[in-house]
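Read the structure below first, then the notes.
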Amino acid sequence: DGGITQSPKYLFRKEGQNVTLSCEQNLNHDAMYWYRQDPGQGLRLIYYSQIVNDFQKGDIAEGYSVSREKKESFPLTVTSAQKNPTAFYLCASSPLPGQSPPGELFFGEGSRLTVL
Amino acid sequence: GDSVTQMEGPVTLSEEAFLTINCTYTATGYPSLFWYVQYPGEGLQLLLKATKADDKGSNKGFEATYRKETTSFHLEKGSVQVSDSAVYFCALAGGFKTIFGAGTRLFVKA
């Protein structure tokens, strides 16, 4: 079945460590996104990518980095510069506007990061 | 900038009760509007959508109508079930960004 796979589902990190969250999609979507979700808050956009080898900062990019070397993969690294990284991280993808109604997102099941 | 405001939760209802979750938006242009649902421990799933004014989105008994004059996209269901317990997010999309409301948690009691 087509979809988005995030791993790991749960991750624990010590302060000062970098961690990388994986996101893979087999939907042949051009655009991919990373969101952060905190309790009682909506989703906040970290980074997005419309095409391979290109990506843009979202609203809360500080302390995070991404790469887009393949169409199907968009890993997120949470660096030690991120002051409060404990959160639920969601990866999403979508076809570019023009290929379907704009903006419909397809989500993975999320990765929960806890800093010890 | 664009924004979405939805009613705060939690909302607690008995089974078979009528549900309304209010959502209003501020946007330039003519965005698409969405309702997503999130079950515990999972990612979001698209529940319904509307891409232009007066469109009605519907799915699984849920409905919402894109009201340009009141900039609203309220979610309704005539008879909720325990299995509808989840967090509901209103969202708008224009261009490459989707903007989400804070989410409304719904509890349905048997």
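Some points to look at:
- Taken over the protein assembly as shown, the alpha-carbon convex hull comes to 126 cubic angstrom per residue.
- Heavy-atom accessible area order for A:Phe107, B:Phe73, largest first, 1.4 Å probe: A:Phe107, B:Phe73
- Kirkwood Rh, angstrom, the stretch B:13-78 [1 / mean 1/r, Cα pairs]: 12.7 Å
- Per residue of peptide B:41-51, the mean number of Cβ atoms on other chains within 10 Å of the residue Cβ is 5.
- A:Ile60 exposes around 40 Å² of accessible area when a 1.4 Å probe is run over every protein chain in place.
- Evaluating 6.51 cos²θ - 1.76 cosθ + 1.60 at θ = phi - 60° for every residue in the stretch B:90-95, the Karplus couplings come out as 8, 8, 10, 9, x, x Hz, glycine and proline recorded as x.
- Computed with a 1.4 Å probe on the full set of protein chains, the accessible area for B:Glu16 sits at about 130 Å².
- Here the Debye sum runs over all C-alpha atoms of the stretch B:32-110 as equal scatterers in vacuum, and log10 of I(q)/I(0) at q = 0.19 Å⁻¹ comes out as -0.81.
- For chain A, projected area of the alpha-carbon convex hull averaged over all directions, nm²: 7.1 nm²
- Exposure check, 1.4 Å probe, all protein chains in place: A:Arg112 carries approximately 100 Å² of accessible surface.
- Estimated FRET transfer efficiency (A:Thr114, B:Asp54; beta-carbon r; R0 45 Å; 0.05): 0.50
- When each of A:Lys83/B:Lys49; A:Lys14/B:Lys109; A:Lys9/A:Lys70; B:Lys68/B:Lys109 is checked by Cα-Cα distance, pairs over 31 Å: A:Lys83/B:Lys49; A:Lys14/B:Lys109; B:Lys68/B:Lys109
The values are calculated or read from the model by the stated rules, or taken from the named source; none is laboratory data. These numbers were taken from a predicted model, which means no experiment stands behind them. Note that each Cβ is placed from the backbone with ideal geometry, even for glycine, and that neighbours are counted across all protein chains shown. Areas reflect the complete protein model, heavy atoms only, side chains present, ligands, DNA and RNA absent. Shrake-Rupley method; radii C 1.70, N 1.55, O 1.52, S 1.80 Å.
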